[in-house]
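Written out below as structure tokens is the structure these notes cover.
Each reported figure results from applying straightforward, stated rules to the coordinates on display, with no laboratory input. Values in this document were obtained by computation on a predicted structure and should not be read as measured data. Positions of Cβ are backbone-derived with ideal geometry, glycine not excepted, and every protein chain shown enters the neighbour counts.
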Amino acid sequence: MRLIDLLRLVAPVVGVAAIVFRTAGLRMIRAFHSAGATSPERAITPPTGRIFGTFWLERLSGAGVVRPAEGGRYWLDPVALREFTAARRKRALMLLAALVAAVAVIRFVG
């Protein structure tokens with residue numbers, strides 16, 4: 001089996017997994033937005049019961065996007081969210097460019 005055939009086989013599965021994973025993160029952010037939890041006074045208990053919920057809370061908290069408040073509640077920092085989103089977008093575009101370049105090299109060399 002050639003590498004390109006393997007990529008064609010695996011790509012749909014990886015795509016679906018990425019969509020499920022990213023959707024969980026968006027749900028977490030949407031929960032904070034919907035509750036208006038954008039300051040310590042409006043902090044909420046985070047929705048960690050869904051798939052990947054705890055992971056996303058830890059990731060967003062570690063990035064400073066979601067900040068702890070009293071009583072195990074958290075709030076969303078909109079400025080940090082914009083910075084986090086911009087950095088993720090930049091990394092995704094660089095990864096996509098590298099992937100396109102790799103596929104082009106494989107296609108034309110192999």
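General observations
- Total residues in segment 1-57, condition aromatic (Phe, Trp, Tyr) and within 11 Å of TYR74 (Cβ to Cβ): 1
Each row is one residue, and each column tells you yes or no for (1) within 30 Å of VAL109 (Cβ to Cβ); (2) over 15 Å from the mean Cα position of the chain (by Cα).
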{"site": "MET1", "(1), (2)": "yes, yes"}
{"site": "VAL13", "(1), (2)": "yes, yes"}
{"site": "MET28", "(1), (2)": "no, no"}
{"site": "ARG73", "(1), (2)": "no, yes"}
{"site": "LEU93", "(1), (2)": "yes, no"}
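- Scan segment 72-106 for residues that are surrounded by fewer than 11 Cβ atoms within 10 Å (Cβ to Cβ) and in contact with a Ser or Thr (Cβ under 8 Å, 6 or more places away or on another chain) and the total you get is 1.
- The single condition among (1) of a type outside the set (Ser, Thr, Tyr); (2) surrounded by 10 or more Cβ atoms within 10 Å (Cβ to Cβ); (3) in contact with a helix residue (DSSP H, G or I) (Cβ under 9 Å, 6 or more places away or on another chain) that ALA11 does not meet is (3).
- Residue list for segment 57-110, restricted to those being among the β-branched types (Val, Ile, Thr) and outside any helix (DSSP H, G or I): VAL65, VAL66
- Residue in segment 31-45 that is outside any helix (DSSP H, G or I), small (Gly, Ala, Ser) and loosely packed, with under 14 Cβ neighbours inside 10 Å present: yes
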